[in-house]
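Working notes for the structure below.
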Amino acid sequence: MKNKLNKKKGYGSFFSYEKHNSKAFINFNNSFIPTNKKLFYTGRQAIKYIVEIIKLNNKINTFWIPEYYCQHVTIWLKKNYDNIKSYKVNPLDNEYIIKANDFVKENDIILVNNFWGTSNCSLNYINNKVIVIEDHSHGWLSNSCIESTADYCFASLRKSVPAPLGGIAWIPNEDKLIILNQKSSNDFNKIWNNTFLGMTKKLEFEENILIDKGLKNDFIALINNAENMMHHNYDLVKLNSKHKKIIESYLKINYLDFKALNFKTIISLIKPNNTFEIINGNSTPFGLILHFKNINKLNYFKSYLISKNIYPSQLWPNNKLKYGYFINIHIDYRYNDLDMYYIAQIINAF
């Protein structure tokens, strides 16, 4: 077992501030940094950048996205593009093959999601004039991410990397990304600064022996405000050079190695449970992903976890009911063996 348990941290929610050269990251080096990458403030801007590049030389007919997908990204994309349709997927089966031949046509774009970092991102299609984009936001550094042969890839880095913001686009075949005009944005400077301040306030809260409810309210308000601003900003924004250097410094760390160690520990501790199914696969998952068939059971379980200082995220509400309901319990670099024992104990007592 590792360090002393610190329940004040809570389990989940957004990252508190952690330096890229922290002792916690020693010996966790990342060798996968695409040379032909382009960085952004968000994953949404990364995908818009890719689509706008495609539009330079192609007349896009239909932009296909998964039927089960992040509700915020879906709404954001539909604000930008009016040719979006959805196709069936199976988030429970990492070997599921998307039957693209059943719906794609020439000059279509199909967005393939790497569900929970365990998906093979497989699809069958013959038409070589279909453009494939993969979303590795929940699979950064997973096998499918590193070994991708898609036309384009992108990821929202801020789900895995403890920088205030971050998104990345790259081309797996080593072609260089085209330069497009991007606007300077005071809004994103404010979003970055508010997020960074929220992260530092959260760190202060965690390290303070005395409970400071005012401090907790402060960092929650800052993050919520930043999130709301991102939801309503649709421009391609130029990344501040200072912010770019900060994101690049965090990219040097292999965050998936931490999850692999924690997942191996916690999966060995959780007892069989008829309430949910644990998502596993050939690659380390984004977190401890649990699938529920009943929303009432999920809500009851989620409330129970929160009462024990564990804060799961739902992936994703407002989707079609046939896919069931998923939550993620965070098992990232912030946590150690003792934390995994604590979370498993709480889950087993449910």
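The values are calculated or read from the model by the stated rules, or taken from the named source; none is laboratory data. All values derive from a computational prediction rather than experimental measurement. Neighbour counts run over all protein chains shown; Cβ positions are idealised from the backbone, glycine included.
Of a type in the set (Lys, Arg), modelled with pLDDT of 95 or more, under 30 Å from GLY324 (Cβ atoms) and out of contact with any strand residue (DSSP E or B) (no Cβ under 9 Å at 6 or more places or on another chain): is that true of LYS245 in this structure?
Considered against the rule, which asks whether it is of a type in the set (Lys, Arg), modelled with pLDDT of 95 or more, under 30 Å from GLY324 (Cβ atoms) and out of contact with any strand residue (DSSP E or B) (no Cβ under 9 Å at 6 or more places or on another chain), LYS245 comes out as no.
For LEU92, indicate whether it is buried (at least 19 other Cβ atoms within 10 Å of the Cβ), of a type in the set (A, V, I, L, M) and touching a residue at least 24 places away in the same chain (Cβ under 8 Å).
So LEU92 does not fit the description; no.
Let me confirm something: among ILE60, ILE54, which residue is in contact (Cβ under 8 Å) with a residue 24 or more places away in the chain, part of a loop (DSSP other than H, G, I, E, B) and not charged (D, E, K, R)?
ILE60
So, in segment 282-302, how many residues would count as being surrounded by fewer than 20 Cβ atoms within 10 Å (Cβ to Cβ) and touching a residue at least 60 places away in the same chain (Cβ under 8 Å)?
The qualifying residues number 2.
Can you find a residue in segment 165-178 that is under 25 Å from GLU52 (Cβ atoms), touching a residue at least 12 places away in the same chain (Cβ under 8 Å), touching a Gly at 6+ places or on another chain (Cβ under 6 Å) and not β-branched (Val, Ile, Thr)?
Yes, the conditions are met somewhere in segment 165-178.
Would you point out which residue out of SER283, SER303 is assigned by TED's automatic domain parsing to the domain that holds ASP337, part of a loop (DSSP other than H, G, I, E, B) and either of a type in the set (S, T, N, Q) or in contact with a His (Cβ under 9 Å, 6 or more places away or on another chain) (or both)?
SER283
Is it true that ASP218 is surrounded by 15 or more Cβ atoms within 10 Å (Cβ to Cβ) and among the acidic types (Asp, Glu)?
In short, yes.
If you check ASN233 against the conditions, is it out of contact with any strand residue (DSSP E or B) (no Cβ under 9 Å at 6 or more places or on another chain) and part of a loop (DSSP other than H, G, I, E, B)?
Spelling it out, ASN233 is indeed out of contact with any strand residue (DSSP E or B) (no Cβ under 9 Å at 6 or more places or on another chain) and part of a loop (DSSP other than H, G, I, E, B).
For segment 267-286, enumerate the residues that are in contact with a Phe, Trp or Tyr (Cβ under 8 Å, 6 or more places away or on another chain) and within 30 Å of ASN29 (Cα to Cα).
Result: LEU269, ILE279, GLY281, THR284, PRO285, PHE286.
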